[in-house]
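Encoded as structure tokens, the structure appears first; notes follow it.
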Amino acid sequence: MSKQQKVQIELPPKLIPLFSEPNVRYRSSWGGRGSGKTRTFALMTAIKGYMYAEAGVSGLILGAREFMNTLSESSMEEIKQAIRSVPFLKDYYEMGENFIRTKNRRVSYGFAGLRHNLDSIKSKARILLCWVDEAETVSEIAWRKLLPTVREEDSEVWITWNPERRDSATSRRFRHDQIFDDLTGELIGVGVEMNYSDNPWFPEVLEIERRQDKANLDDETYRWIWEGDYLELSEAQIFRNKYEVMDFVPDSQKWDGPYQGLDFGFSQDPTAATRSWIYDDCLWIEYDAGAVGLELDDTVEFLSKLIPDIGLYPIYADNARPESISHLSRKGLKRIRACEKGKGSVEDGIAFIRSFKRVYIHTRCKETLNEFKNYSYKKDRITDEVLPIIIDAFNHYIDSLRYALEKASKGRKRANPAGAGSRTFAQ
Ligand SMILES: Nc1ncnc2c1ncn2[C@@H]1O[C@H](COP(=O)(O)OP(=O)(O)OP(=O)(O)O)[C@@H](O)[C@H]1O
Ligand SMILES: [Mg+2]
């Protein structure tokens, strides 16, 4: 801060020491949802930018994430909001639709996705500060490439994330209260865990979500979402070791499909649709689309925006809602049909999905991925044993997949009586 100005900004108390520590390169904060990490770090990048510019230093503040295809997926909006919320920062910066910079032009912001733009980041000049938000899935290779790129004197790297895997590169590197230089023993990084209870502005809407999760989820899942624990459901996870995230473009000449399915929402549940393909004994989930509170009248338009040409291909929907199916058919989903379901269809559908060598989930299908991570068997609270009871949650996109694949699964069984567990798929 310049001597003339004395400004006050409010931070969650637990984060004050983190930003007060002088001369460290890494500042990290991890923890559960809604703990104020993103807001606070966004604000502090702007304060830091102000300090650099006032000190006559010029360069770039890089807001990075693992995935970022457009600026709307970046931290830009959060940073703009943070700047607007503090009068002296608002006066100090100028902002346009796709830029943020100090009025004296010394410091400007850039945004990038580490998965796809890492090499272009390497060519960016003079990175003073890089803040990686949502950093859980940033790979070791990405860290190795990124960190030496941030090389201005006194440059810093800030990291925020919701931990999920104990062995993630991000947690291994940065989930530490203090980080010391291996060679000199000098303190080079500080970190702190933040959870909702550490956020003085934890909003009521999230409090309602949290209470519901506390009541409905098993303790491990709850603690992962809200308390910064790792997600260690492994044995209970229905699709464990089965799926991975991938960018791909289906070859409609060679691949079987597309298989489209639709699960209707109720008041709390989303209407959810997916499009997938079968190729090389693997299931490829290419698109998903869904929303809570979607009116039936708006459904076709909504789905068509997110799943191209959805109306051209068959789409199988929950047979419990025949009147909704005929409504959507009249509205333009001409090839919509009711699935059959029947006894044991949930178990059969799961077995069929598990029978693939691998399930590839396209990077854009975030909701489907979330369900694959969380769809679980019940664990006995007292003995901790996994029971053959499927928890009726995180299953809307997965239900749409089951409906979509019902016919393919029968074809496969008929062609090969060994059943869904077999590796060869009927052509
Ligand atoms: N400085 C602040 N002033 C007012 N409200 C705030 C402030 N910081 C946080 N909040 C409130 O807390 C909510 C959660 O904050 P934030 O999004 O920063 O949390 P987070 O830890 O990044 O959450 P997630 O893990 O979900 O990304 C915000 O949506 C906002 O309602
Ligand atoms: Mg956040």
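Just to verify a result, which residue in the range 149-171, among those that are touching a helix residue (DSSP H, G or I) at 6+ places or on another chain (Cβ under 8 Å) and part of a helix (DSSP H, G or I), is nearest to ligand 1 (Cβ to nearest atom)? Filtering the range 149-171 for residues that are touching a helix residue (DSSP H, G or I) at 6+ places or on another chain (Cβ under 8 Å) and part of a helix (DSSP H, G or I), the one nearest to ligand 1 (Cβ to nearest atom) comes out as THR170. Looking across the range 296-344, the residues that are part of a helix (DSSP H, G or I), over 17 Å from GLY265 (Cα atoms) and among the charged types (D, E, K, R) come down to LYS305, ARG330. From THR221, THR274, grab the single residue that is of a type in the set (Val, Ile, Thr), under 22 Å from the mean Cα position of the chain (by Cα) and not assigned by TED's automatic domain parsing to the domain that holds ASN319. Of the residues listed, the single one that is of a type in the set (Val, Ile, Thr), under 22 Å from the mean Cα position of the chain (by Cα) and not assigned by TED's automatic domain parsing to the domain that holds ASN319 is THR221. Considering the range 40-63 alone, what residues qualify as being touching a Ser or Thr at 6+ places or on another chain (Cβ under 9 Å) and within 15 Å of ligand 1 (Cβ to nearest atom)? Those that are touching a Ser or Thr at 6+ places or on another chain (Cβ under 9 Å) and within 15 Å of ligand 1 (Cβ to nearest atom): THR40, PHE41, ALA42, LEU43, THR45, GLY63. Restricting attention to the range 39-96, the residues being over 25 Å from ARG25 (Cβ atoms) and polar (S, T, N, Q) number 5. Applying the set (1) assigned by TED's automatic domain parsing to the domain that holds VAL292; (2) at pLDDT 95 or above; (3) β-branched (Val, Ile, Thr); (4) not in a loop (DSSP other than H, G, I, E, B) to VAL249 leaves exactly one unmet item: (4).
Name the residue, out of GLY34, GLY56, that is assigned by TED's automatic domain parsing to the domain that holds ARG144, under 23 Å from ASN162 (Cβ atoms) and in a loop (DSSP other than H, G, I, E, B).
Numbers: GLY56 fails: under 23 Å from ASN162 (Cβ atoms).
None of the others qualify; the one that does is GLY34.
Just one residue in the set ASN104, ASN69 is in a loop (DSSP other than H, G, I, E, B), more than 16 Å from ligand 1 (Cβ to nearest atom) and in contact with a His (Cβ under 8 Å, 6 or more places away or on another chain); that residue is ASN69. In a residue-by-residue description of the range 122-144, the property of being at pLDDT 95 or above, over 27 Å from ARG173 (Cβ atoms) and either part of a helix (DSSP H, G or I) or of a type outside the set (A, V, I, L, M) (or both) applies to no position. When HIS176 is tested against (1) within 17 Å of the chain's Cα centre (by Cα); (2) away from ligand 1 (no atom under 15 Å from the Cβ), exactly one condition is not met: (1).
The single condition among (1) within 13 Å of ligand 2 (Cβ to nearest atom); (2) outside any helix (DSSP H, G or I) that ALA42 does not satisfy is (2).
Just to be sure before I move on: is GLY344 of a type outside the set (A, V, I, L, M), modelled with pLDDT under 95 and surrounded by 20 or more Cβ atoms within 10 Å (Cβ to Cβ) in the structure I sent?
Values: of a type outside the set (A, V, I, L, M): yes; modelled with pLDDT under 95: yes; surrounded by 20 or more Cβ atoms within 10 Å (Cβ to Cβ): no.
No.
When LYS48, LYS80 are checked against the criterion of being away from ligand 2 (no atom under 16 Å from the Cβ), in contact (Cβ under 8 Å) with a residue 12 or more places away in the chain, in the same structural domain as ASP154 (by TED's automatic domain parsing) and outside any strand (DSSP E or B), a single residue qualifies: LYS48.
Checking each residue in the range 198-212 for being assigned to a helix (DSSP H, G or I) and closer than 23 Å to THR40 by Cβ picks out ASP198, GLU204, VAL205, LEU206, GLU207, ILE208, GLU209, ARG210.
Kindly indicate whether VAL157 is closer than 27 Å to PRO12 by Cβ, of a type in the set (A, V, I, L, M, F, W, C) and either within 16 Å of ligand 2 (Cβ to nearest atom) or outside the structural domain of VAL57 (by TED's automatic domain parsing) (or both).
No; evaluated as a whole, the condition is false for this residue.
Go through ILE238, ILE225 for me and flag whichever is β-branched (Val, Ile, Thr) and more than 16 Å from ligand 2 (Cβ to nearest atom).
Values: ILE225 fails: more than 16 Å from ligand 2 (Cβ to nearest atom).
So the residue among ILE238, ILE225 that is β-branched (Val, Ile, Thr) and more than 16 Å from ligand 2 (Cβ to nearest atom) is ILE238.
The values are calculated or read from the model by the stated rules, or taken from the named source; none is laboratory data. What you see is a predicted model, and the numbers here were worked out from it, not measured in a lab. Cβ atoms come from the backbone with ideal geometry, glycine included; neighbour counts cover every protein chain shown.
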